[in-house]
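Just below is one structure, and these are the notes that go with it.
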Protein chains: 4
Amino acid sequence: MNNTASKSAVLLIHCPDQKGIVISITEFIFKNGGNILYLDQHVDTERQVFFMRIEWDLHDFVIADGKIGEYFETLVAKRFSMNWQLHFSNEVPRMALFVSKQPHCFYDILARYEAGEWQVEIPLIISNHTDMQTAAERQGIDFVYLPLSAENRAEQEHKQLELLQEYRIDFIVLARYMQILSDNFIDNYPDRIINIHHSFLPAFPGARPYHSAHERGVKIIGATSHYATAELDTGPIIEQDVVRVSHENSVEDMIRKGRDLEKMVLARAVWHHLHHNLLVYENRTVVFE
Amino acid sequence: MNNTASKSAVLLIHCPDQKGIVISITEFIFKNGGNILYLDQHVDTERQVFFMRIEWDLHDFVIADGKIGEYFETLVAKRFSMNWQLHFSNEVPRMALFVSKQPHCFYDILARYEAGEWQVEIPLIISNHTDMQTAAERQGIDFVYLPLSAENRAEQEHKQLELLQEYRIDFIVLARYMQILSDNFIDNYPDRIINIHHSFLPAFPGARPYHSAHERGVKIIGATSHYATAELDTGPIIEQDVVRVSHENSVEDMIRKGRDLEKMVLARAVWHHLHHNLLVYENRTVVFE
Amino acid sequence: MNNTASKSAVLLIHCPDQKGIVISITEFIFKNGGNILYLDQHVDTERQVFFMRIEWDLHDFVIADGKIGEYFETLVAKRFSMNWQLHFSNEVPRMALFVSKQPHCFYDILARYEAGEWQVEIPLIISNHTDMQTAAERQGIDFVYLPLSAENRAEQEHKQLELLQEYRIDFIVLARYMQILSDNFIDNYPDRIINIHHSFLPAFPGARPYHSAHERGVKIIGATSHYATAELDTGPIIEQDVVRVSHENSVEDMIRKGRDLEKMVLARAVWHHLHHNLLVYENRTVVFE
Amino acid sequence: MNNTASKSAVLLIHCPDQKGIVISITEFIFKNGGNILYLDQHVDTERQVFFMRIEWDLHDFVIADGKIGEYFETLVAKRFSMNWQLHFSNEVPRMALFVSKQPHCFYDILARYEAGEWQVEIPLIISNHTDMQTAAERQGIDFVYLPLSAENRAEQEHKQLELLQEYRIDFIVLARYMQILSDNFIDNYPDRIINIHHSFLPAFPGARPYHSAHERGVKIIGATSHYATAELDTGPIIEQDVVRVSHENSVEDMIRKGRDLEKMVLARAVWHHLHHNLLVYENRTVVFE
């Protein structure tokens, strides 16, 4: 990954494959004074889909930031029926954290936030428990307690959505938030809700994966970060990792080892999201690294 | 693992946990002149089951090899309702290889055999195709071609069992043998048929795991070696390993990466089997390393 | 690892190998009413050294906790010239944290401490900078600022040793503490100072391993946790782990990936130390897992 | 990696970074009827060097294969002072294998060759021992025995070079060839001699890395594939991988585990070389994956 002092733009693109796509995009950038820093492109030959991530230096670029999208749509994207996203290196996205009682992923994210590891703003934490309130507040982040029951679920989700709007939230991280979100809620943040599942999906979906893994006698356990979709535990996978276990490991040992895995896998997924390395196509992610 | 020039014995034991098991076993060995080289013991506290692998030098042991089992059963095992196996370091087990058309696991095993990596004898190869005949025969191993169809399955399995008897086969390795064995066949070799499955079980069981993995968009693929049981792909797992894949990997790339994984995972499983490191309990393996 | 509600004891032992060691130890435990939960033993045949970790339930043990050591020394250990340590499962060791300016390992340890992941007390943090003071104090841990220069080094180390005594510290964790400790300091805490080095030792010792790794063009970077010894970066290795890097990774990318690795490797080393899984022999660790 | 039935070309390029490189290359391909299948580009911002791997479909390309190099040099490369290589997907490179007595890497390569895993021709095997002669000849590959001593080294190397010429060898794989090549020999095949070293370089260079690793008490061992250069064990690293070891592993165990690692790491390096994924710059490799 390149690092430059000056501002850069990133385009994430996918479209039906055909001749002339690369040349059109690179021409658009070069002819208007952009210097390409990074270009990763490939064609899914089976599906005949073109994917690209391109990043260029804006120092001498003649189109104003606010106009780049419009120009690109008009001059390039429309012609190739492109799906595209435009991002700028100086953007600071706003993240909301959802958490329940398990602290490990939550603490890890707060520590990274405090250490300045990520270019992000976390103005809001929502929880169905109060366990994390102290930790949230001592870092000066607003903590909203919204307890959930079968009766109040719709009402509380409505409040959550209002809060997300009010705080101008760009994306949500579910840091072991042990509640199922409604389809309606998820539809409001497509490919913008990052979840961590405590198994190597699609193995062991559902609520007690470490118990199932122990029962099955696997030699390796995993964790999976994915974008939440309406169907549980089947959203596009962003990142996975694994750790060895042995017959001597109890379920508790697996949970302990899994905790460390979960927080690392979730952090890597958030990092990729923040760096605009992710593109979703047909329920799978393209991860430009 | 210890290596000693002189001969040693290995006991693999499991039984209901209770006080005095370790002392009884170590007394049996010590009082009869054995020097303990290696002892690995643990208790599954959930199931209250005791597991042990103990290896001792036979140099000054006063009980003759052929009598150790009887004495141990009488003096120790019966009292604790033990399941036990006794092995000697100078045994050379006899392996039969089953193979179809895919060569990678098969070649890998033959290469290890030729290089003398394993203490094993391979007198017999059985296949439902003739592709591997040349490779088998140039290493001087008998190759028996038994083509399979819906009609002749029972008859051919009968022949296989006769061959296994005739060649005094101790255990079978399915080196990507793409045929389902009957329950009867498997019952003849309990915990003695080692299979390799080309996925990270229990994810993607069945016939085309790489296609399913590609479809699901996982970031890691795996391979699983297990003892074959009557129910397909659900036998006790011996060894698993994984490799990273990316969105750029086609199904063919996954198959290529998976091939290397499969042959390593199968080889490690066979090695553990040969070294008497494996014990099966309630469809899970205990792997003493 | 077994988990039992009742109290257990752990013996870590090494001594010259000879016949009768295992039987003597297991007899000592069994005859006095102990139930062995876990036993891991092996012989380094090259050096002829015997190693054991044995854990037993104290529920019906007839020797009082405070007398076990004396009895074991008299009845067993002296005879075999054993080096041994005795630990109890209800002990809560006292850790001091040394930190400089880099927060990632430090925050990770505090998060685990707050979440109750470890059975440990952290009463004291010492730093040559004030950056971590706020984080330390909000968790109610005493923070002592002891700035270091060439002139005051001996004097400040003297104060550190006094503080460690005053706070009854059992072991020290150097959470990226970027100062070299004197031989005298280290001699006060043999095998009780855990350091994290940001490379895959013995590759890239010294101060700027990520720069060296980048320069050399390695494809994998690592982190190493070891007990500090008088000679820098050469103490007994407790734990290591690695992560892949590519030609596209700048030194900054390596530092970022390495941060995550360092905190995991250090945490695993501390966990092993806390669980009495570690034994040091001839500058190498035996890690019972 | 994309696979297409029709023929494609690959350009590997590096040059000083400046504006307009990407557009010039993509224009050259597009305007002449090429369809870009795969493009991976990045800038080393520290060294200000531009790197690219670009692959395009030749189906409608108007420049004849034999002329592409000349046209590209004239129209694009010269202007940007490019270093470039041009490859075609239907080329079958010719590999020579050098081997001594250790069979594992050698057998693994022959097995892949026989199974048709690689698009390569292996017409020649050279060895300073006769151990591998039978295995070589039964696969119909010419085996030349050139024993080496202090006295005949120069003379034998001369013969080797003649053989390599005679057999029109494109690149050499040292499959645990335990002899040091002269500078002159290496100069004849720059970045075309692939070696496997049995350690995680730069840790443990030299002849007995597993002994050194055991002595040092590392928890992970590795293997490194690199292009041979005049200075021993310091050539550009192509691929590395690692495996865990424990205190229970003897040197022999490390050698056994290392064998499997070595053959996999070497095979991956050869695969990358065959697929034109490798570019060498300032003693480091760029690996396009």
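The values are calculated or read from the model by the stated rules, or taken from the named source; none is laboratory data. Values in this document were obtained by computation on a predicted structure and should not be read as measured data. Ideal geometry is used to build each Cβ from the backbone, glycine not excepted, and the neighbour counts take in all protein chains shown. Each accessible area value is taken on the protein alone, full model and side chains, heavy atoms only, with ligands, DNA and RNA left out. Shrake-Rupley method; radii C 1.70, N 1.55, O 1.52, S 1.80 Å.
Rounded, prolate or oblate, given the Cα gyration tensor of the stretch C:62-109, with a/c below 1.5 counting as rounded?
It is prolate, given that a/c is not under 1.5 and a/b is the larger ratio.
So for each of D:37-49, C:221-233, D:111-123 I average, over its residues, the number of other beta carbons within 10 Å; can you give me the resulting order with the highest mean first?
So the peptides D:37-49, C:221-233, D:111-123, ranked by packing, come out C:221-233, D:37-49, D:111-123.
With charges set only on the Cβ (+1 for Lys and Arg, -1 for Asp and Glu), what does the dipole of the stretch C:1-153 come to about its Cα centre, in debye to the nearest 20?
300 debye
With Cβ to Cβ distances under 14 Å as the rule, what net charge do the other residues near B:Trp56 carry (K, R +1; D, E -1)?
-3
Could you work out the mean count of beta carbons from other protein chains within 10 Å of each residue's beta carbon in A:238-249?
5
Measure nothing fancy, just the Cα-based angle from helix B:104-115's long axis to the longest principal axis of chain B, in degrees from 0 to 90, nearest 10.
Its long axis makes an angle of about 50 degrees.
Work out the FRET efficiency for D:Ser182 and D:Glu114 from their Cβ-Cβ distance, taking R0 = 30 Å, and round it to the nearest 0.05.
For D:Ser182 and D:Glu114, the calculated efficiency is 0.40.
Leaving out ligands, DNA and RNA, and with a 1.4 Å probe, what % of the accessible surface on the protein assembly as shown is carbon or sulfur?
48 percent
Among C:Leu110, C:Ile172, C:Ala207, whose Cα projects farthest towards the positive end of the dipole of chain C, with charges put on the beta-carbon of Lys, Arg (+1) and Asp, Glu (-1)?
C:Ala207
Add -39500 (n - 2.57) for each DSSP H run of 4 or more in the protein assembly as shown, then divide by its residues: what number comes out at 222 nm, to the nearest 500 deg cm²/dmol?
When only DSSP H runs of four or more count, the value is -9500 deg cm²/dmol.
For the stretch B:122-189 and the stretch D:33-51, write down the distance between their C-alpha centroids in whole Å.
That distance is 52 Å.
Could you grab the relative contact order for the stretch B:94-287? Cα pairs under 8 Å, six or more apart, rounded to a whole percent.
Relative contact order comes out at 19 percent.
If you average 1/r across every pair of different Cα atoms in chain C and take the reciprocal, what Kirkwood value do you get, in Å?
20.7 Å
What's the local net charge at A:His87, with K and R +1, D and E -1, over the other residues with C-beta under 12 Å away?
Taking every other residue near A:His87 into account, the sum is -2.
Of B:Lys7/C:Lys78; A:Lys257/B:Lys7; A:Lys219/D:Lys257; C:Lys31/C:Lys78, which sit over 29 Å apart, Cα to Cα?
B:Lys7/C:Lys78; A:Lys257/B:Lys7
At 7 angstrom along the Cα-to-beta-carbon line, where would the label on C:Glu252 sit relative to the other copies? Give the distances in nm, shortest first.
3.9, 4.5, 5.2
Starting at the first residue of the stretch B:269-286, write each ³J(HN,Hα) from the Karplus equation 6.51 cos²θ - 1.76 cosθ + 1.60 with θ = phi - 60°, in whole Hz, x for Gly and Pro.
Result, rounded to whole Hz: 5, 4, 4, 4, 4, 5, 8, 6, 9, 10, 9, 10, 9, 6, 6, 10, 9, 9.
With only Lys, Arg, Asp and Glu charged, each at its Cβ (+1 for the first two, -1 for the last two), find how big the charge dipole of the protein assembly as shown is about the Cα centre; round to the nearest 20 debye.
Result for the protein assembly as shown is approximately 0 debye, rounded to the nearest 20.
What figure, in Å² to the nearest 10, do you get for the accessible area of B:Trp271 with a 1.4 Å probe and non-protein molecules left out?
The value for B:Trp271 is about 30 Å².
How much FRET efficiency would the formula 1/(1 + (r/R0)^6) give for A:Lys78 and C:Thr130, where r is the Cβ-Cβ distance and R0 is 56 Å, rounded to 0.05?
The computed FRET efficiency comes out at 0.50.
Could I have the simple spin-label model distance between D:Gln165 and C:Gln165, label points 7 Å from Cα toward Cβ, reported in nm to one decimal?
Result: 7.9 nm between the two label points.
Any idea what Rg and Dmax come out to for the stretch C:103-248 if you just take the C-alpha atoms, in Å?
Gyration radius and largest Cα-Cα distance of the stretch C:103-248: 16.4, 50 Å.
Mind checking the alpha-carbon convex hull of the stretch C:224-287 and giving the volume per residue in Å³?
Spelled out: Cα convex hull of the stretch C:224-287, divided by residues, is 94 Å³.
Between C:Ala64 and B:Lys19, take the C-beta separation as r, use R0 = 25 Å, and let me know the FRET efficiency to the nearest 0.05.
The value I calculate is 0.80.
Of the DSSP beta bridges with both residues in the protein assembly as shown, give the percent that are antiparallel, rounding to the nearest 5.
For the protein assembly as shown, the DSSP antiparallel bridge percentage is about 70.
So if I average 1/r over every pair of distinct C-alpha atoms in the stretch B:8-88 and take the inverse, what Kirkwood radius in Å does that give?
Mean inverse Cα-Cα distance, inverted, gives 12.7 Å.
How many angstrom lie between the Cα centre of the stretch B:228-259 and the Cα centre of the stretch D:221-289?
About 23 Å separates the Cα centre of the stretch B:228-259 from the one of the stretch D:221-289.
Suppose we keep just the alpha-carbon trace of the protein assembly as shown; what are its Rg and Dmax in angstrom?
31.2, 92
Antiparallel versus total DSSP beta bridges in chain C: what percent is that, nearest 5?
70 percent
Just the number please: accessible area per residue for the protein assembly as shown, 1.4 Å probe, all protein chains included, in Å².
Accessible area per residue, the protein assembly as shown: 38 Å².
What length, rounded to one decimal in nm, is gained on full extension from B:Ala230 through to B:Tyr281, with 0.36 nm per residue of separation minus their alpha-carbon distance?
Working it through step by step, the gained length comes to 16.8 nm.
If you take the accessible area of C alone plus B alone and subtract the pair, what total do you get in square angstrom, rounded to 100, with a 1.4 Å probe?
For chain C against chain B, roughly 2100 Å² becomes buried.
With a point put 7 Å past each Cα toward its Cβ, work out how far C:Glu155 is from D:Asn152 in nm, to one decimal.
Placing both labels 7 Å beyond Cα along the Cβ direction yields 7.4 nm.
Report, in debye and to the nearest 20, how large the dipole of the stretch C:209-289 comes out about its Cα centre when Lys and Arg carry +1 and Asp and Glu carry -1 on their Cβ.
160 debye
Find the relative contact order for the stretch D:8-88 and round it to a whole percent, using C-alpha pairs within less than 8 Å whose residues are 6+ positions apart.
46 percent
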